[in-house]
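Okay, structure first, notes after.
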Amino acid sequence: MNIQSIFFKKNFFLLAILISCVTYLPAQTIQVNNEEFKGRIGKTAKESQEWWPEKKRAPKDAPNIVWILIDDCGFGTSSAFGGLAETPTFDSLANNGLRYTNFHTTAICSPTRAALLTGRNHHSVHMGYFPVAATGFPGYDARMPFDKATIAEILHEYNYNTYAVGKWHVTPTEEVSPAGPFDRWPTGRGFDHFFGWHLGHTDQYHPNLYEDLNVADVEPNKKHVSALLADKAIKYIANQKSVAPDKPFFLYFATGAIHAPHQVDKPFIDAYKGKFDDGWDDYREKVFERQKKLGVIPANAVLPPRNPEVPAWSSLTANEKKVYARFMEVYAAFLTQADYEVGRIINYLKEIDQLDNTAIFVMIGDNGASKGGTKEGTVTRHISSLPHDEQIRELLKNYDKLGTEFLDPDVPIGWAQACDVPFKYWKADANSEGGTHNPLIIFYPKGITEKGGIRTQYSHVIDILPTTLDLIGVKSPDTIKGYVQKPFEGYSLFKSFNNKNEPSEHTIQYYEIAGKRAIYKDGWKAEVYHKSGTDFNTDKWELYNLNDDYTELNDLAFKEPARLKEMQDAFDSEAIKYNVYPLNDKPPYAGRRHSIYDTASRIVLYPGVDQLLCFSGPQFQTTSFKITADADITSIKNEGVLFSTGSEFDGLSLFIKDGKFQVAHNTGDNIKYLESSEKISAGKNQFSFELNYTGDNEKKVAAHNSAQSIASQDPYAGIESIYINNKKVGERKITKSEIKYIGFYLDGIDVGQDLNSPVCPRYETPFKFTGKLNKVVVEYK
C-alpha cells in the first residue's frame, strides 16, 4: 500500500466520524428573523413545528351591511317621509324597520360622504368643501388622513368583503389619474372593489365610470347608470356568496339620483304625467299634512312661508306652469327609478336568503334639495343665460327632451323648496335645517323588533359608522395598516333600535360650508346665513329653540343674548377643535392648480393614455392656450378625433373629417366650428388650435369666469385660430356666449378619440383617429 492510499483511508475515516457526529447532533431550534412566526424551525421538517396566523373572522352570524346614499334629495321628496315621489322600496324598508326623523348631514356632498365613511366630522378629515376646491389648510386640503379609517378599512379587519358602487367624490382631484397615487381611491381606503365615478356628477347615460383603478368603457351604452350600478352590486354579491358564503359583506351604494343632470328612463317619467300640475305651493301643503299623519314631523310644526325668491304658482303663466311641472315629473321619476334599482338589490338578497341577515341603512339625501336650477330651471348654459321670456320659449321647444340624455336639467328652485318641506332653504345652506335635515331608514330584521317605528333622537351622519359597529358587535382596532387610530366623533344609535325613549348621546354638533354655519346644542340652534363676499364680522346670528320651533321661524337672538353668546362660544370651541378655521366663502373652484399637472406651462399627452377627468386633466378655463396634435397622415382618407374634452353639453374637439382639419367649440346648445380652408396632405403634419383672449380679458376671465362681465366692455373677447404645419387655415372671433368653461362639467379628456357622448354631432363616438397620432401638446400662454 503506497503512502497516498494510507493518507486517503485515514482522511476518509476522519470524514466518516465527522458526518456521524453531525447526523446524531441533538435537534436544535433555529432563530427566525420573523417576529410574527410563533412555530418552531429546526433543520428538518420532522424537528419543526408549523404555525399559521389566525385568520381574521367576523363575529358568528355577523350581518351583511348595506349603506344606501341618495344624492341631493330633500326631506319632503320621498313617499317614505310624506313626499309625492313614489319610493315603494324605501317605504317597505321603513315600514319594516325604523324611520329616524332627526337625522342630519353636512349640507353638501363630499363633506357628507367623508364624514359618513369615517365617523368623524368633515373638517376633521380634511373635507371642508369639495376636492376640486381644496385649499392648503388642514380642514380643507381634501386629503382624508389614514389615522381616521373608513368603514371599509375597519370591516376588513373583521373579514368582511367590501364594495363601493356609485358616486365616490372624496379623492383629491389631482390624484385621479392613471399615475395615482391610489391610496386615497376607494381600493386604497379598504374597498375590495369600486365601480363608479370620482366627481360629484356624471351623465346618466354616458357615465364616466371606473372599475377599481381603471376607466370602465361601457359604450355604446343603452342602460341608465342606476341600472348599471345595481347590476354591478348584484354581481359583487353573487361572486362573494358563491365563493365565501360564510363571510359577510359591506356594500356602499351611492346613486347619481337625484343630482343633476336629471335624465331618466321614459316609463318612469310617463307615470307622473300631470301629477304636479297644481304646482309647488299645493305640493308643500299636501306633503306637510302627509308628514304629520305619518308622524315624521311634530304635530305642532308650522309650515314656513314660501321663499321670497320663489313666485306663487298662481302668478305664473300657463306656459310657465307647463314647463315647470314637467321638470318635477322628471325629478320625481328620477328618484322612483333609483328606488326601483335599489329594490332589485333587495330582491336579490331575498332570493339568496340573505335579507334577514342584512342591516340596511338608507340615507335619503346627502344634503337638501339643490337650488342649482335657479328660478326657471336649467337645461343648458345657453338657455339659462337668456332673458326669462326667451328661456320659457326655449324650454317649451325642448319640452319632450326634458329627462332624456340630450339635455342637462336641474329643477327650478320652487320645486327645491317644495321638496325640502317642512324646512327653509336648501342644499349648501349649512345654517339651515333645509340644507342638513334628511331622512334616515334603518332596516335590520334580526336586531329590530318594532316594525314601522319612529325615532326622534338627534343624529348626524358621523353616527352611522359607530352604530354599524355596535350592530355587528365589534370595535374599531387600535391600529389599522400601521396607523394608530383617532377616536370616532360620532355616537352610536344602536341602543335606540329597541328603545324609542333612549336619550340621544349626540348633544352638540357644528355645521359649516363656505361660511354658512351653525351650532346645535341640547335642542337649541344658533346659525348664520353668511352671504358670500361680505365681512364675516358683520354676520347676523339667529337663535332657535328647536324643541318648540321645529321649522326655525321664531328667532330668539334678541330675547336671549346670553344663550346666543354661549352658543357662539360653543361654535368657536368646536371650530377650533375640528379644523373649521379659517373660514372661506369663496373656495377656488377647479382650475389648473387642482389638476394633475398643477401650473405646468407645457403638457404632452400620448396616444393610448386613459381618459382623464375634466377636472383633473389639462384645464382651459382661465388662460389663453394652444393645442397641437402631431400626426402622420397615412392616407388622405384618414379621419377621427385628435383631442377632445367635454361632452354634448360643453366641450372642445379637434378632429379630421372630409379631408379637413376641424374644431368644434360647444358651449351648451351653441356649437361653433372652425374648418380648415385647405385639405389635409399625406405625411407628417401638425394640427393646431389656438385660443387667445384679447386685451385684458384674460385677467377678467381668471377673476370672474364670467362671459357677461367681459362682453359688457368689449364687442368680442378673443380669437380662435387653427393651423396646419404653422400655417393659419381658419380664424373666428369669440362672442360673450362662447366664453364658458370648456369641457368643465361632464365627460372627460380623450386623446385620439372621443369617449362617452360626442362634443358635436358631426361624428359618432368614439370616432377614433385612423392615422398615426404621435402626441398632443398643450401649451399655456
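The values are calculated or read from the model by the stated rules, or taken from the named source; none is laboratory data. What you are looking at is a predicted structure, and each value in this text was computed from that prediction instead of being measured. Quick reminder, even Gly has a Cβ in these numbers, built from the backbone with ideal geometry, and neighbours come from all protein chains shown. Keep in mind that these areas ignore ligands, DNA and RNA; they rest on the heavy atoms of the full protein, side chains included. Shrake-Rupley method; radii C 1.70, N 1.55, O 1.52, S 1.80 Å.
So the values come out like this:
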item: Residue match in segment 551-560 (condition: open to solvent by 10 Å² or more (accessible area, probe 1.4 Å), farther than 26 Å from residue 124 by Cβ and touching a residue at least 60 places away in the same chain (Cβ under 8 Å)); result: yes
item: Counted residues, segment 367-396 - those being free of Cβ contacts under 8 Å to residues at least 24 places away in the same chain and open to solvent by less than 40 Å² (accessible area, probe 1.4 Å); result: 2
item: Residue within segment 521-535 that is touching a Ser or Thr at 6+ places or on another chain (Cβ under 6 Å), open to solvent by 10 Å² or more (accessible area, probe 1.4 Å) and over 22 Å from residue 190 (Cα atoms) present; result: yes
item: For residue 578: the one exception among (1) open to solvent by 80 Å² or more (accessible area, probe 1.4 Å); (2) in contact (Cβ under 8 Å) with a residue 12 or more places away in the chain; result: (1)
item: Any pair with Cβ under 7 angstrom, 6 or more apart, that starts in segment 71-95 at a residue that is at pLDDT 95 or above and open to solvent by less than 10 Å² (accessible area, probe 1.4 Å) and ends at one that is part of a loop (DSSP other than H, G, I, E, B) and among the acidic types (Asp, Glu); result: 71/366; 74/420; 75/420; 76/420
item: Complete set of residues in segment 215-226 that are of a type in the set (S, T, N, Q) and either surrounded by fewer than 21 Cβ atoms within 10 Å (Cβ to Cβ) or over 19 Å from residue 335 (Cα atoms) (or both); result: 221
item: Output for segment 227-265, where each listed residue is open to solvent by less than 10 Å² (accessible area, probe 1.4 Å), of a type in the set (Val, Ile, Thr) and more than 20 Å from residue 464 (Cβ to Cβ); result: 237, 258, 264
item: Cβ-Cβ under 8 Å pairs, at least 6 apart or on other chains, segment 507-525 side free of Cβ contacts under 8 Å to residues at least 24 places away in the same chain, far side open to solvent by 30 Å² or more (accessible area, probe 1.4 Å); result: 522/507; 522/508
item: Count - residues of segment 397-421 that are open to solvent by less than 30 Å² (accessible area, probe 1.4 Å), more than 15 Å from residue 82 (Cα to Cα) and outside any helix (DSSP H, G or I); result: 9
item: Residue selected from segment 443-470 under the condition among the hydrophobic types (A, V, I, L, M, F, W, C) and more than 18 Å from residue 503 (Cα to Cα), by the criterion nearest to the chain's Cα centre (by Cα); result: 465
item: Qualifying residue in segment 116-124 (condition: assigned to a helix (DSSP H, G or I) and modelled with pLDDT under 95); result: no
item: Some residue of segment 605-621 being open to solvent by 20 Å² or more (accessible area, probe 1.4 Å), of a type in the set (Ser, Thr, Tyr) and within 28 Å of residue 657 (Cβ to Cβ); result: yes
item: Residue 103 vs. criteria open to solvent by less than 80 Å² (accessible area, probe 1.4 Å), at pLDDT 90 or above, in contact with a Pro (Cβ under 8 Å, 6 or more places away or on another chain) and assigned to a loop (DSSP other than H, G, I, E, B); result: no
item: Pair list, Cβ under 6 Å, 6 or more apart: segment 46-60 residue in contact (Cβ under 8 Å) with a residue 40 or more places away in the chain and closer than 24 Å to residue 470 by Cβ, other residue surrounded by 10 or more Cβ atoms within 10 Å (Cβ to Cβ) and not polar (S, T, N, Q); result: 58/158; 58/248; 59/473
item: Residue in segment 158-168 that is among the polar types (S, T, N, Q), touching a residue at least 60 places away in the same chain (Cβ under 8 Å) and at positive phi present; result: yes
item: Pick from segment 672-714, criterion of a type in the set (Gly, Ala, Ser) and modelled with pLDDT of 50 or more, ranking: surrounded by the fewest Cβ atoms within 10 Å (Cβ to Cβ); result: 683
item: Strands (runs of 3 or more DSSP E) fully within segment 596-684 counting 3 or more residues that are polar (S, T, N, Q); result: 640-647
item: Leading residue by the ranking (surrounded by the most Cβ atoms within 10 Å (Cβ to Cβ)) among those in segment 182-214 that are among the charged types (D, E, K, R) and either within 13 Å of residue 756 (Cβ to Cβ) or in contact with a Lys or Arg (Cβ under 9 Å, 6 or more places away or on another chain) (or both); result: 203
item: Residues located in segment 561-604, provided they are closer than 22 Å to residue 137 by Cβ and of a type in the set (Asp, Glu); result: 572, 574, 585, 598
item: Residue count, segment 464-498 (criterion: without any contact (Cβ under 8 Å) to a residue 60 or more places away in the chain and open to solvent by 60 Å² or more (accessible area, probe 1.4 Å)); result: 10
item: Flag for residue 356 being out of contact with any helix residue (DSSP H, G or I) (no Cβ under 9 Å at 6 or more places or on another chain), surrounded by fewer than 21 Cβ atoms within 10 Å (Cβ to Cβ) and assigned to a helix (DSSP H, G or I); result: no
item: Close pairs from segment 333-348: first under 16 Å from residue 269 (Cβ atoms) and of a type in the set (D, E, K, R), partner open to solvent by 20 Å² or more (accessible area, probe 1.4 Å) and modelled with pLDDT of 95 or more, Cβ under 6 Å, at least 6 apart; result: 339/89
item: Of residues in segment 150-183 being touching a helix residue (DSSP H, G or I) at 6+ places or on another chain (Cβ under 7 Å) and among the small types (Gly, Ala, Ser), the one farthest from residue 197 (Cα to Cα); result: 152
